[in-house]
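See below for the structure under consideration.
Derivation of every value follows stated rules applied to the coordinates shown; laboratory data play no part. In this text, all values refer to a predicted model and were calculated from it rather than measured experimentally. Virtual Cβ from ideal backbone geometry, glycine too; neighbours counted across all protein chains shown.
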Amino acid sequence: MIYNFSPGPGVLPLEVKQQIAEQWDDFAGTGSNVCELSHRGAVFTEVAERAEAKLRGLLSIPDDYAVLFTQGGATQQFSCIPWNFGGPAGYLVTGHWSAKAKRLAAAEIEVGLVADAGPDFKAVPEVADWNVDPRWRYLHITSNETIHGIRLPQVPKGLPLVSDMSSSLLGEQIDVSDYAAIYASSQKNLGPAGLTIVIVRRSIVDSVPDGVANFANYRVIDRAGSMHNTPPTFAWYAAGLVFEWVERQGGVAAMGRRNEKRALRLYEAIDNSGIFRNNVDVVCRSWMNVTFQLTDERLLDKFLDLSQQAGLHALKGHRAVGGLRASLYNAMPDDGVDALIEFLREFEKRHG
Ligand SMILES: *Cc1c(COP(=O)(O)O)cnc(C)c1O
């Protein structure tokens, strides 16, 4: 048995891969693969609309929000957000991704710093210590820092919030109406790479500043039903299957309860060990990306070798931070988390 702890592109639910395989040669009686069909034809139109309806249902997205199925990844949104909202804006820096979001936004608009958790990135500064400027058009946060393993423990209120949820969307319960916009790359928790979901208040869509190029313009994308150009049809289809799978698992709240519980089990195993550690403040520990280190770094290569042999794949930490990381996206079975915990115990016994 192989368990894939990749941070992204990440694991897909086995059931979804099986559905894709079953439909590979003949999607819905067309005799073609879904990726061979016109994005404007009736068959794909139904696929697209169904996926949007499922996502709206899973997140109870209010009618006054547009859902865009666009491209370019979260990285492209780092620039699209400031273009569509205008400036100035404030950025909360809690790790690698929010620092990058801030840096790219600063190339487009006037940007202020809300608070900075760096350079250690072990805890999110208290809300009472945040700098907030009422002139800001929006306040940008990163709900889950995929590389540093930090989850934002609370959602600030006040200014219109924009959140990068690339590694947490559908992984825990959220209230969409708390946000002016949410965006996420698909390849962590939603499906194959290529698709970028943007959930954005219609008041923003309707007031995009002049001069924003079509490919990035939320109004243009929305008015065209996300078909201002050929969308990533295969990723859109596959994400739709993932949405239906999440629904069958009991929905987003059920996923969130499960994800919290099993992440806590893994952190407990790390905390109770003599050779592994995690330095992130307990209330800010990610449910999706569990980062950890070996107290003796010389054991790292041996750990990676043996874990790979044991079928526990892609546990190497991001090159920016080193160490280890287990990404526990929705599609990771509970058995994978159990197998990892068992492996940590066994490794400590033999090599600790
Ligand atoms: C992966 C990731 C990104 C970058 O996504 P791309 O699709 O590579 O642009 C941005 N933010 C977060 C939180 C991520 O996890």
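Considering only alpha-carbon pairs that sit under 8 angstrom and 6 or more positions apart, the relative contact order computed for the chain is 24 percent. In this label model, GLU46 and GLU297 are separated by 5.7 nm, measuring between points 7 Å along each Cα→Cβ vector. A simple spin-label model places the labels of ASN272 and ALA128 3.5 nm from each other, with each point 7 Å out along Cα-to-Cβ. A simple spin-label model places the labels of ALA254 and VAL282 3.0 nm from each other, with each point 7 Å out along Cα-to-Cβ.
Between the residues ILE221, PRO231, PHE85, the greatest Cα displacement towards the positive end of the dipole of the chain, with unit charges on the Cβ of Lys, Arg, Asp and Glu, is found for PHE85.
When shorter helices are ignored and each DSSP H run of at least 4 residues is given -39500 (n - 2.57), the per-residue value for the chain at 222 nm works out to -11000 deg cm²/dmol. Size descriptors for region 227-352: radius of gyration and Dmax over Cα atoms are 17.0, 58 Å. Measuring spread by the Cα atoms of the chain yields a radius of gyration and Dmax of 20.6, 64 Å. Counted over the chain, the DSSP beta bridges are approximately 55% antiparallel. For the chain, the residue among ASN33, ILE199, LEU315 whose Cα projects farthest onto the positive side of the dipole built from Cβ charges is LEU315.
Between THR75 and ASP305, the FRET efficiency from the beta-carbon distance, with R0 = 35 Å, is close to 0.60.
If only the Cβ of Lys and Arg carry +1 and only the Cβ of Asp and Glu carry -1, the dipole of the chain around its Cα centre is close to 380 debye.
Go through GLY274, CYS284, PHE343 and say which Cα lies farthest out towards the positive end of the charge dipole of region 242-352; charges sit on Cβ, +1 for Lys and Arg, -1 for Asp and Glu. Of the candidates, CYS284 comes out farthest on the positive side. Pairs of Lys residues in the chain, spaced 8 or more positions apart or belonging to different chains, with C-alpha separations under 22 angstrom: 16 in total. Beta-bridge orientation, region 118-263: approximately 50 percent antiparallel, per DSSP, counting only bridges with both partners inside.
Oblate is the label for region 125-214, because a/c, from the alpha-carbon gyration tensor with a ≥ b ≥ c as root eigenvalues, is 1.5 or above and a/b does not exceed b/c. Counting only Cβ charges, +1 for Lys and Arg and -1 for Asp and Glu, the dipole size of region 79-234 around its Cα centre is about 300 debye.
As a length-normalised measure over Cα pairs under 8 Å and 6 or more apart, the relative contact order of region 198-279 settles at 11 percent. Counting alpha carbon pairs within less than 8 Å and at least 6 residues apart, what relative contact order, in whole percent, applies to region 123-249? Reported as a whole number, the value is 16 percent.
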